[in-house]
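Chemist: Pasting a structure below so you can have a look.
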């Protein structure tokens with residue numbers, strides 16, 4: 001370590017008792033709600049909260065609670081062998097709900113694979129969401145129907161698709177040909193994690209976005225861990241500072257504060273809508289669970305660190321404020337709990353009932369127009385399998 | 001006005017791009033230096049002046065970005081035609097092409113179409129430095145979801161480019177850069193045969209040479225040279241690598257009973273091996289000799305001072321024809 005480079009072995013053994021989530025150069029994130037559940041005043045951001053109705057405030061809570069319930073159920077389904085994999089969003093509910101609630105439902109979102117709260121907010125059902133994790137299909141929803149692209153697992157690839165979509169928006173406006181099913185004032189949100197900011201595509205996307213002044217909001221959820229590697233291996237400075245290098249504004253926000261997340265995303269999306277060009281949010285949050293159900297966080301991070309962040313739980317913080325500010329009473333929380341108990345049971349039933357895609361359908365969607373090799377192989381498989389069916393029939397007759 | 005024009009392949013592609021830009025507002029070009037400069041091979045010359053910088057887009061110097069944003073534009077309803085400057089520089093975009101572009105339609109259960117065309121100047125014999133002469137077609141042919149075309153003459157280049165752009169699937173067009181200045185007639189009114197089928201360019205009876213792109217003129221010349229030795233060689237222009245028209249190739253092989261497949265790409269793991277296997281399956285009993293391959297060696301493309309020894313030429317093709325005739329019919 002004498003040359004200042006992190007030695008892999010040393011950094012793992014050094015994990016215990018060390019808080020990896022403190023970065024060397026701190027930029028204070030925007031925070032409106034303190035971990036104790038007190039609302040702070042902020043000249044720029046508070047007005048965005050002031051205009052929220054009590055109903056809207058409760059809705060934010062609803063989606064956060066829904067995600068957490070879904071997450072617990074999905075984790076247990078995976079443990080029981082009913083899902084191939086699950087990537088929990090536990091702890092990131094405020095970052096996601098605050099951000100998606102601040103943009104318009106007509107804005108296109110390009111998620112990674114952990115934006116479950118955002119997906120739910122866009123009306124994607126739990127079983128649609130879990131389809132790819134049950135591996136019955138690669139995706140469970142129609143991106144156009146929800147203005148929410150399918151999950152992308154090859155990290156940061158979707159940030160370029162988001163930039164391309166935004167180039168399309170600009171060209172539509174230039175040529176006065178915004179499609180009838182798209183909004184005139186559409187902007188795009190590109191989601192990305194702290195680890196994926198190291199990918200070349202993230203860089204290229206930001207270069208394109210800056211060059212063409214695209215209506216694009218980068219939403220980095222810095223959950224502090226890229227599987228087992230801490231954020232400081234991805235970046236020695238706060239990720240928010242990357243925006244400056246590309247020539248646009250970035251804002252660091254407390255991602256465990258749903259109100260700050262909402263306010264910052266409202267402000268920046270409004271600016272983008274008004275023609276500012278791209279903006280970036282670094283949402284500082286914490287992956288309270290494992291990377292996926294195949295991961296074991298005890299190997300690389302300390303229980304002290306996990307405890308520290310448990311104290312910053314986004315849902316507990318928000319619930320405490322909703323109560324104390326008189327926006328929700330115990331009756332409301334009891335109702336939400338009951339509702340999601342039902343949701344979990346329904347979800348379990350519908351997930352177990354998911355039918356696998358027919359392999360014929362996989363053949364049929366490799367191309368949108370006929371392809372000789374695909375057709376030949378599809379026909380071969382049909383004949384081959386029909387042979388087994390005949391054998392079985394013959395065996396049955398003989399028996 | 002006669003619609004048959006004599007033009008070089010590069011300009012036939014320019015004409016195809018111009019005609020598609022004019023036909024559909026949603027068609028866009030994107031790539032490095034394709035605007036004011038007209039591309040390093042001048043294939044897009046004049047198009048930015050004609051259609052504006054927002055339809056003929058000079059991109060940042062980032063190939064993954066070019067393909068990745070093309071995917072996003074295609075999702076939005078555009079038909080982007082992306083130019084990659086040289087074969088050897090397609091690899092920074094390899095992830096976007098293989099994991100995203102190729103799979104998008106399939107992984108979205110057919111809901112999202114990505115009609116992106118990638119123009120890829122490819123192949124050697126231009127005396128250039130490294131990374132400027134490669135033939136990466138097998139890497140892309142192995143990826144389901146992509147269509148791959150390789151025109152060998154101006155007429156095909158014009159019509160294949162147009163067919164690629166209007167196709168709802170992603171298409172890579174391998175433009176044989178050593179043939180950019182090859183002249184030929186282009187019939188602007190009457191389309192060339194279906195881009196995704198092979199074509200018999202020269203009829204023969206004794207052996208078939210099947211090839212595509214830059215080696216088609218070499219195969220035709222080899223066939224002409226063989227005539228002097230009283231051998232009648234059939235030449236099949238494969239034209240489409242994915243889908244592969246194995247039917248047309250196998251029919252020719254069954255007829256002449258001898259097949260040689262040639263390409264500039266290395267033979268090891270190449271398209272020639274795939275064709276050999278398919279023809280063996282379809283026409284084994286008709287063949288008098290194993291299918292023989294003529295191609296590059298299992299080495300990185302050599303310094304161009306040695307490319308004449310690396311690239312298949314007339315003699316290498318004729319040697320393979322001789323070798324094919326050296327096999328005796330077994331009892």
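Just so you know, all these numbers are worked out from the coordinates, no wet-lab data involved. Keep in mind it's a predicted model, so treat the numbers as computed, not measured. No Cβ is skipped: glycine too gets one built from the backbone with ideal geometry, and neighbour counts run over all protein chains shown.
Chemist: For a Förster distance of 35 Å, can you work out the FRET efficiency between the beta-carbons of residue A:105 and residue A:40, rounded to the nearest 0.05?
Modeler: 0.75
Chemist: For the peptides B:297-310, A:148-161, what is the packing order when you average, over each peptide's residues, the other Cβ atoms within 10 Å and list the highest mean first?
Modeler: So the peptides B:297-310, A:148-161, ranked by packing, come out A:148-161, B:297-310.
Chemist: Sort A:177, B:128 by Cβ crowding within 10 Å, fewest neighbours at the top.
Modeler: Going from least to most buried by this count: A:177, B:128.
Chemist: As a footprinting exposure proxy, order A:253, A:362, B:112 by other Cβ within 10 Å, with the fewest listed first.
Modeler: A:362, B:112, A:253
Chemist: Further question: With each label point set 7 Å from Cα along the Cα-Cβ vector, what nm distance links residue B:325 and residue A:76?
Modeler: Result for the modelled spin labels: 7.9 nm.
Chemist: With a ≥ b ≥ c the root eigenvalues of the C-alpha gyration tensor of segment A:195-284, is it rounded (a/c under 1.5), prolate (a/b larger than b/c) or oblate?
Modeler: oblate
Chemist: Using only the alpha-carbon atoms, how far is helix B:314-326 inclined from the longest principal axis of chain B? Give it as 0 to 90 degrees, nearest 10.
Modeler: That helix lies at roughly 40 degrees to the long axis.
Chemist: To continue, here is another question. Return the average number of partner chain Cβ atoms within 10 angstrom of each residue Cβ along peptide A:372-381.
Modeler: For peptide A:372-381, the averaged partner shielding equals 3.
Chemist: Between residue A:350 and residue A:379, what FRET efficiency comes out of the Förster formula 1/(1 + (r/R0)^6) with R0 = 35 Å and r the beta carbon distance, rounded to 0.05?
Modeler: Between residue A:379 and residue A:350 the formula returns 0.55.
Chemist: Once each part is reduced to its C-alpha centroid, what is the distance from segment A:315-356 to segment B:260-331 in angstrom?
Modeler: Answer, in whole Å: 67.
Chemist: Could you calculate the FRET efficiency of residue A:177 with residue A:339 from 1/(1 + (r/R0)^6), where r is the beta carbon distance between them and R0 is 56 Å, rounded to 0.05? Intermediate results must be reported in sequence, preceding the final value.
Modeler: Details: r = 43 Å, r/R0 = 0.77.
Computed FRET efficiency for residue A:177 and residue A:339 comes out at 0.80.
Chemist: Would you mind telling me the antiparallel percentage of the DSSP bridges in segment B:199-326, rounded to 5?
Modeler: Just about 20 percent of them are antiparallel.
Chemist: Give the separation of the Cα centroids, segment B:31-98 to segment A:196-212, in Å.
Modeler: When both Cα centres are located, 16 Å separates them.
Chemist: Still on this structure, please answer the following. Taking every DSSP beta bridge that has both residues in chain B, what percent is antiparallel when rounded to the nearest 5?
Modeler: 25
Chemist: Follow-up. Beta carbons within 10 angstrom, averaged per residue: use that to sort the peptides B:198-205, B:37-44, highest first.
Modeler: Details: B:198-205: 17.4, B:37-44: 20.0.
Result, highest mean first: B:37-44, B:198-205.
Chemist: Rounded, prolate or oblate, given the Cα gyration tensor of the protein assembly as shown, with a/c below 1.5 counting as rounded?
Modeler: It comes out prolate by the Cα gyration axes.
Chemist: Of B:57, B:4, how do they rank once you tally other Cβ atoms within 10 Å and put the fewest first? Before the final figure, lay out the partial values.
Modeler: Working: B:57 23, B:4 11.
Ascending number of Cβ neighbours within 10 Å: B:4, B:57.
Chemist: Grab the Cα-Cα distance for residue B:305 and residue B:228, subtract it from 0.36 nm times how many residues apart they are, and report the gain in nm with one decimal.
Modeler: Taking residue B:305 through residue B:228 to full extension adds about 24.6 nm, to one decimal.
Chemist: Does chain B come out rounded, prolate or oblate, given a ≥ b ≥ c as the square roots of the eigenvalues of its C-alpha gyration tensor, rounded meaning a/c under 1.5 and, failing that, prolate meaning a/b above b/c?
Modeler: Verdict is prolate for chain B.
Chemist: Between residue A:19 and residue A:324, with labels modelled 7 Å along Cα→Cβ, what's the label distance in nm to one decimal, could you check?
Modeler: Computed distance between label sites residue A:19 and residue A:324 equals 2.1 nm.
Chemist: For chain A, take the longest principal axis of its alpha carbons; what is the angle in degrees between that and the long axis of helix A:93-102, to the nearest 10 within 0 to 90?
Modeler: 90
Chemist: Could you calculate the contour length gain from residue A:394 to residue A:184, that is, 0.36 nm times the residue separation minus the distance between their Cα atoms, to one decimal place in nm?
Modeler: Numbers: separation 210, 0.36 × 210 = 75.60 nm, distance 6.37 nm.
Taking 0.36 nm per residue and subtracting the Cα distance, the gain is 69.2 nm.
Chemist: Note the full-extension length gain between residue B:187 and residue B:36 as 0.36 nm times their separation in residues minus their Cα-Cα distance, in nm to one decimal.
Modeler: 51.5 nm
Chemist: Antiparallel versus total DSSP beta bridges in chain A: what percent is that, nearest 5?
Modeler: In chain A, DSSP labels about 10 percent of beta bridges as antiparallel.
Chemist: With chain A treated as a Gaussian network of Cα nodes joined by springs under 10 Å, which of A:195, A:255, A:164 yields the largest mean-square fluctuation?
Modeler: Fluctuation is largest for A:164.
Chemist: Residue by residue through A:199-208, how many Cβ atoms from other chains fall within 10 Å of the Cβ on average?
Modeler: For peptide A:199-208, the averaged partner shielding equals 5.
Chemist: Would you mind giving the mean number of other chain beta-carbons within 10 Å of the Cβ of each residue in A:356-365, as a whole number?
Modeler: On the way: counts 0, 1, 0, 0, 0, 3, 4, 2, 3, 9.
Mean shielding count: 2.
Chemist: On to the next question. Measure nothing fancy, just the Cα-based angle from helix A:372-398's long axis to the longest principal axis of chain A, in degrees from 0 to 90, nearest 10.
Modeler: Value to nearest ten degrees: 60.
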